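Some notes on the structure that comes next.
The values are calculated or read from the model by the stated rules, or taken from the named source; none is laboratory data. Since we're looking at a predicted model, the values are computed, not measured. Glycine gets a Cβ as well: all are built from the backbone with ideal geometry, and neighbour counts include every protein chain shown.
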């Protein structure tokens with residue numbers, strides 16, 4: 001039974017080390033898969049709301065076009081990955097050819113196992129996870145740290161000498 005986790009690669013070895021035993025590793029994988037489904041559903045609902053109901057104010061007049069394009073590309077990339085990432089995980093689980101747990105339900109095997117396809121989906125899932133984490137990190141960095149710094153800098157300079165904020169590309 002332990003070989004099953006080792007055959008699937010480094011990720012499952014790390015999960016097994018984190019969990020301590022196979023039972024806890026299986027529980028962690030069930031939680032991981034279930035959170036993936038929740039993420040996918042929330043992303044679809046959020047995107048539907050965004051497209052139908054959300055009012056988006058225009059970009060500031062002094063914001064460079066390059067920065068506007070990067071902001072849009074980052075937003076589209078986040079949505080695309082939030083929709084794509086759970087699907088690659090689901091595909092990886094399905095192509096294993098075995099049943100798996102999702103929330104409290106057992107999902108039956110729907111196809112014969114295909115190791116090369118499972119490995120491909122695993123690689124795509126792992127790579128897109130890194131890209132998603134990078135985009136989230138850039139979003140947080142830009143939204144909370146850089147924007148806060150620029151607001152503080154602008155307000156302190158404007159109060160002291162009536163200076164206008166400088167236009168800079170990030």
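I'd like to check something: does the stretch 105-112 contain any residue that is modelled with pLDDT under 95 and within 22 Å of the chain's Cα centre (by Cα)? No - not one qualifying residue is present in the stretch 105-112. Taking the stretch 37-75 as the range and being part of a loop (DSSP other than H, G, I, E, B) and either surrounded by 13 or more Cβ atoms within 10 Å (Cβ to Cβ) or without any contact (Cβ under 8 Å) to a residue 12 or more places away in the chain (or both) as the test, the residues that pass are 53, 54, 55, 56, 57, 58, 59, 60, 61, 63, 64. Taking the stretch 76-102 as the range and being part of a helix (DSSP H, G or I) and either touching a strand residue (DSSP E or B) at 6+ places or on another chain (Cβ under 8 Å) or over 20 Å from residue 131 (Cα atoms) (or both) as the test, the residues that pass are 93, 94, 95.
Of all the criteria given as (1) in contact with a helix residue (DSSP H, G or I) (Cβ under 9 Å, 6 or more places away or on another chain); (2) surrounded by 13 or more Cβ atoms within 10 Å (Cβ to Cβ); (3) at pLDDT below 90, the one not satisfied by residue 82 is (3). Restricting 142, 33 to residues that are in a helix (DSSP H, G or I), surrounded by 13 or more Cβ atoms within 10 Å (Cβ to Cβ) and modelled with pLDDT under 90 narrows the list to 142.
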